[in-house]
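For reference, the structure is listed below as structure tokens.
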Amino acid sequence: MPDGVAAHADPHGPASATGFGAAGHHPALQHHFQTLAQQQEAATLGMWIFLVTEVMFFGGLLMAYLLYRVWYPAAWSEGSLELDIRLGAFNTVVLIASSLTMALGVRAAQTGAQKWTVRWLLITMALGFTFLVVKFFEYREKYLLHHIPGPNFEFEGPHAGQVELFLSLYFGLTGLHALHMVVGFSLLAVITWMAHRRRFSPEWYTPVELSGLYWHFVDIVWIFLFPLLYLVDRARQFG
Amino acid sequence: MLEGIPLFPEQASSLAPEVDDLYFFVTAVTAFVALLVVFFVIVFAVKYRDRTGEKVGAPITGSIWLELGWTIVPFFVSMAIFAWATIVFFHMVRAPDQTLEIYSTGKRWMWRFQHIDGQSEINELHVPLGRPVKVTFTSEDVLHSLFIPAFRVKADAIPGRYSSLWFTPTKVGEYHLFCAEYCGTRHSGMIGRVVVMEPNEYQAWLSGGGGMSMTARGEQLFQQLGCVSCHLPDGSGRGPSLVGKYGQQEQLASGDAVTVDDTYIRESILTPQMKLVAGYGPVMPTFQGQVNEQGLMSLIEYIKSLPATGTVATQASAAPPAPGAAR
Amino acid sequence: MSGHISPKKTYYVIFGSLMVLTTITVIVAFINLGALNFPVALGIAILKATLVILFFMHVKYSSRLTKLICGTAFFFLMVLFGLTLSDYLSRGWFTAPGGTAGAGTQVTIGPPAPTEGEPAEPAEEPARAPEP
Amino acid sequence: MTTTVLPRVNYLNVRHGVASWLLTKDHKRIGIMYLVVVTIAFFLGGIFATGVRIELTTPQGDFVSADTYNRLFTMHGVAMVFFVLIPSVPAILGNFALPLMIGAKDVAFPKINLLSWYIFVIGFFFTLAAMVLGGVDTGWTFYTPYSTVYSNSNVLMTGIGVFIAGFSSILTGLNFMVTIHRMRAPGMTWFRLPLFVWALYATSLVQILGTPVIAITVGMLALERALGFGIFDPRLGGDPVLFQHLFWFYSHPAVYIMILPPMGVISEVIACFSRKNVFGYSFVAFSSLAIAVFGFLVWAHHLFVAGISPYSAMVFSFLSFAVAIPSAVKTFNWTATLYQGAIWWRAPLMWVFGFIGLFLIGGLTGLFLASLGLDVHLHDTYFVVAHFHYIMVGGAIMGFFAGLHYWWPKMTGRMFSNAAATLAALLVFVGFNLTFFPQFILGYLGMPRRYHAYSEEFQVLNVLSSAGASILAVGYTLIACYLVYSLFKGEAAGANPWRATGLEWKTQSPPIPDNFPETPIVNEAAYKYSEREIEVA
């Protein structure tokens, strides 16, 4: 059972069927914890602290966004109009729905409904995948219009430089968010496989809960990114 | 100045004594605190020394009064230092009203100074004694920092923005000029000297130099770059007339108006389509890369010097720069 | 850890309100509120995020420590945004008739434009003739 | 007591072979592995520093070329800051001592603890690769637009190295925080925790909140340099000062990551060798937290001349004075702890006296740089170089060695020669002052930082400084000698050689893999020396 999935692995302790510690303990209890409750509390606390680091991680990019929005409002509204609001809104709905199915999946694990846990997790993964596909098309469209910042960036209009700044931050923020979606997706794949192998029970479902926390965090980031990037100055569209 | 080991920098500007008094005050306060603590540490360490390691210390766990004492007293002491330091800082930030304007650009590994009356110097700055001088400078590539230790002034040169520092030289002589912000391979070579001269010597040096004034330099560029072919004085050419336009309102093609100031002129030279003047087409090419910061400053000075009467005047004495619009 | 199992209804209610808020934020974006557009959009996003945190992530039912950790994250994010913007927004506040000395304080050459309050000083009289 | 036979089973000899080390999940072994990597990085940083000091003995740049000099001081900075100072006390002494001090079997997430070490080594590998390929010449601060547009050295490779090493620091902070919250032995309430644990908790807070910001900043820098995303590029309207804001938002709290754990070590060692509880325990504990939280409000005192507005400079200057108060409170409390103690002059205490002497000067010169009027003159001069070396080398490294000497018997089960250690402390103290005190004078004279060649009148003070550096080098090498010697010839230390209180001294040294035969119960305050006689194990 692969331990941490990505570089910043999640602190859910891996549960192998053999289990450590003396007989009589729950197979998932690790030797350095006294009780399973202490282990679960530690794991959840660890995940929450990890989410704090993620908030500050996105914070740096959001700081750059905030400053340049104050400095270049005109370029920000022009840049924002470049983005397709329909795809953005659709993606927001998809991601919030995936948050719902994730929460229901965690609830199913809590209540021991093993089949439903697997089903909800699979639906969540499907919605996550849809989000990434939509994102791929958005990026491809930017690529075709030469709107990817860098040497061959083309944009007519007076604020070309600042619009390139906006699109740099657009790709920075949504790229980082998509990367977190990919990590979340592979994490869910592992958890779904474990759920399928009946590894969880109402006494021990920590990995499902932690991946749920992670997934909700990624959804919250998009809840902020959507208005910040797509809805900067839509009123201008209608003059 | 070079013999022996100098242990303290020269005081060669009106700000220097202020900064040094503050320096001595803070040194005195910190030295007192340091010596106090070291004294107590040594006294306690020796007095209560126990060679055997068997004995046990007194059961003292703390005293609220002492803790409050050495929290509040240092706070007030530091507030005193903070207040005095902030006053000195705002003396540095607030430039005096009438200053001798000098423009400068920092470029990787050299400072170029441009006097209004024409002299331009590399890594050298001649200033008259006793007159407040304000150096306005920017950088053409990376971050630099204009630092004159003897005057106790320093400011970073940021590409894309103008910085400035002012000083009133109070002592004739030659002083170091350093670049203080790391800027690459020859960062340590980007140095120079500031020469403070008696006012009459300064005038002799100024007229002797005979360099072209900024306005004249601007006019020369105006011809070379072909601006004159479109910007006719009466505005009949393909570009609007620039005569007497400085500081006035200009109607733009997009409907709103803008004051013709340094930023607008600089923007129109580098990115002409930004704010087109009403009634003229977007035919003007960009001059990005054909004219450097010095050239821009000279062109701006030249356009400022075009009075409403249409005659091109090159004033000998420095025309103080008209107020530019701050963004 | 939270161990709290909320009824399915709660999740569906929260999901519904999130959908409503999303539609509102899109609609409001098309109405020109001028300077208010940004705060409104941000406010709705914060509301949606709070709903997700409280109900989907069970923070409403979990220990005070988890709530504290959540608060700490956003507090230090605000410290980053607030103190950095305190620099950028306060540029240009300090103006002196002779001009502000210091790094990056000016966008143009020459003394800054007089703010509305201060009467503009006549800058036209020629520079002082240097003493003999 | 001077038997050289070590207890039969301990964490060092329970398993053998390289795999038993490289795949270990034992926090004690991971601490030792960090010690090995950090020592290599310290040695490397020292070589670069020697190159810099030799170059600066002559005003003309005649030892190395300007470009090589720039790479020397940059690599000295990168190696020392990211690979020595940040991990030194938390990752080595923290990893080793924390579970022992709170009576736990291990840290909360042992696998992630090992992962942190591997991430640290991978990050170090990338930086080493950058050094081998020619180094980087942007200064450890990587200021744009030089680092993104104009520098043609391995900025990207070093950036990736620093980016990865940052995650090791994040995961260590996360691990420690959860361990302190959830893994304390029964009876170990927050106010019975040793002050070293309080310091580690405050450090973890800073690691968690600060490190991600530099990760994303280095990421943005890499995006701009590699793909041309112009986030800080002035030609597109980007702002180089924004990079400085984001960089220092982490890098100032990072200096508190470097100084807080050593402060915790000082509290431990002073209490132990004065045979007395620390004066004002709760004040010292809360000052650690105050430093961690206030540390996030003061970063722009690095930008006073970089183009921030005068009013915000005033705000940051005020906050920078406020953050100095908790450090002052700690120093006064340490001094008061010595009062009416039974002070046993042993090697770790000698290092603590050195720490107090140097940290005092370092901390107080910070007031010079926090005051606006002086910082305009002093910024980017050797005054700043001297200030942060007094804090980092005088404070953090001296504190690290105090801790290393204090816990060496527990780590290895062997005692080192007390005379040699005291001599080393004296050598380092004298060498250090000779090296860096002249730099304060050079700083006020106006000698700028990072200068390959300088004006003649600064030469004498620079020669003094270089002479001091050689004494410092001798001092550090002496430490390595007698500590390694003690590994083979040191006499057995026994469970409690310093007769200290604290749970880590209740188990054998070196401890068994699970630290305690059975989880200890704590029923008294942290430094209860006076009431009880100390049993000599």
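Here is how the numbers come out for the structure above:
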quantity: Evaluation of A:G150 against (1) within 23 Å of the chain's Cα centre (by Cα); (2) within 19 Å of A:Y65 (Cα to Cα); (3) surrounded by fewer than 20 Cβ atoms within 10 Å (Cβ to Cβ) (one fails), failing number; calculated: (1)
quantity: Qualifying helices (runs of 4 or more DSSP H) (wholly inside segment D:346-399; at least 2 residues being closer than 16 Å to D:T335 by Cβ); calculated: D:347-370
quantity: Test result for D:T507, in a loop (DSSP other than H, G, I, E, B), crowded, with 17+ Cβ neighbours inside 10 Å and within 14 Å of another protein chain (Cβ to nearest Cβ); calculated: no
quantity: Strands (runs of 3 or more DSSP E) contained entirely in segment B:146-202, each with at least 2 residues that are in contact (Cβ under 8 Å) with a residue 40 or more places away in the chain and aromatic (F, W, Y); calculated: B:162-167
quantity: Residue list for segment C:54-64, filter: more than 7 Å from every other protein chain (Cβ to nearest Cβ) and part of a helix (DSSP H, G or I); calculated: C:L54, C:F55, C:V59, C:K60, C:Y61, C:R64
quantity: Breaking point among (1) crowded, with 20+ Cβ neighbours inside 10 Å; (2) at the interface with chain B (Cβ under 10 Å from one of its Cβ atoms), for D:G431; calculated: (2)
quantity: Failed condition for D:S309, given (1) within 7 Å of another protein chain (Cβ to nearest Cβ); (2) among the small types (G, A, S); (3) surrounded by fewer than 21 Cβ atoms within 10 Å (Cβ to Cβ); calculated: (3)
quantity: Single residue of segment B:293-325 satisfying the filter (modelled with pLDDT of 75 or more and among the polar types (S, T, N, Q)) that is nearest to the chain's Cα centre (by Cα); calculated: B:Q294
quantity: Among the residues listed as C:T23, C:T50, the single one being more than 9 Å from every other protein chain (Cβ to nearest Cβ) and loosely packed, with under 15 Cβ neighbours inside 10 Å; calculated: C:T50
quantity: Qualifying positions in segment B:19-39 - over 27 Å from D:A336 (Cα atoms) and either within 7 Å of another protein chain (Cβ to nearest Cβ) or among the hydroxyl-bearing types (S, T, Y) (or both); calculated: B:V19, B:L22, B:Y23
quantity: One residue from B:M197, B:M190, B:M212 being modelled with pLDDT under 90 and either aliphatic (A, V, I, L, M) or within 25 Å of B:V19 (Cα to Cα) (or both); calculated: B:M212
quantity: Residue selected from segment D:129-150 under the condition among the hydrophobic types (A, V, I, L, M, F, W, C) and surrounded by fewer than 20 Cβ atoms within 10 Å (Cβ to Cβ), by the criterion farthest from the other protein chains (Cβ to nearest Cβ); calculated: D:V132
quantity: Qualifying residue in segment B:243-263 (condition: surrounded by 16 or more Cβ atoms within 10 Å (Cβ to Cβ), in contact with a helix residue (DSSP H, G or I) (Cβ under 6 Å, 6 or more places away or on another chain) and within 23 Å of B:G118 (Cα to Cα)); calculated: yes
quantity: Tally of residues being aliphatic (A, V, I, L, M), touching a Gly at 6+ places or on another chain (Cβ under 9 Å) and more than 16 Å from A:A64 (Cα to Cα) across segment D:216-259; calculated: 6
quantity: Segment B:254-296, residues that are in contact with a strand residue (DSSP E or B) (Cβ under 6 Å, 6 or more places away or on another chain) and among the aromatic types (F, W, Y); calculated: B:Y264
quantity: Filter result for D:I214 (within 14 Å of chain A (Cβ to nearest Cβ), under 30 Å from B:S139 (Cβ atoms) and modelled with pLDDT of 95 or more); calculated: yes
quantity: Breaking point among (1) free of Cβ contacts under 8 Å to residues at least 12 places away in the same chain; (2) in a helix (DSSP H, G or I); (3) not polar (S, T, N, Q), for B:V77; calculated: (1)
quantity: Selection count where residues are surrounded by fewer than 21 Cβ atoms within 10 Å (Cβ to Cβ) and either within 14 Å of another protein chain (Cβ to nearest Cβ) or of a type in the set (D, E, K, R) (or both), scope segment D:510-519; calculated: 6
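Residue by residue, here is whether (1) more than 8 Å from every other protein chain (Cβ to nearest Cβ); (2) under 24 Å from the mean Cα position of the chain (by Cα); (3) among the aliphatic types (A, V, I, L, M) holds:
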position	(1), (2), (3)
B:R94	no, yes, no
B:L100	no, yes, yes
B:K107	yes, yes, no
B:E121	yes, yes, no
B:S145	no, yes, no
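So that you can scan it fast, the table gives a plain yes or no per residue for (1) within 14 Å of another protein chain (Cβ to nearest Cβ); (2) surrounded by fewer than 23 Cβ atoms within 10 Å (Cβ to Cβ); (3) farther than 23 Å from A:Q39 by Cα:
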| position | (1), (2), (3) |
| --- | --- |
| D:I164 | yes, yes, yes |
| D:S168 | yes, no, no |
| D:T172 | yes, no, no |
| D:T179 | yes, no, no |
| D:F191 | yes, yes, yes |
| D:L195 | yes, no, yes |
| D:G210 | yes, no, yes |
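The values are calculated or read from the model by the stated rules, or taken from the named source; none is laboratory data. Just so you know, these numbers come straight off a predicted model, no measurement behind them. Counting neighbours? That spans all protein chains shown, and the Cβs are built from the backbone with ideal geometry, glycine included.
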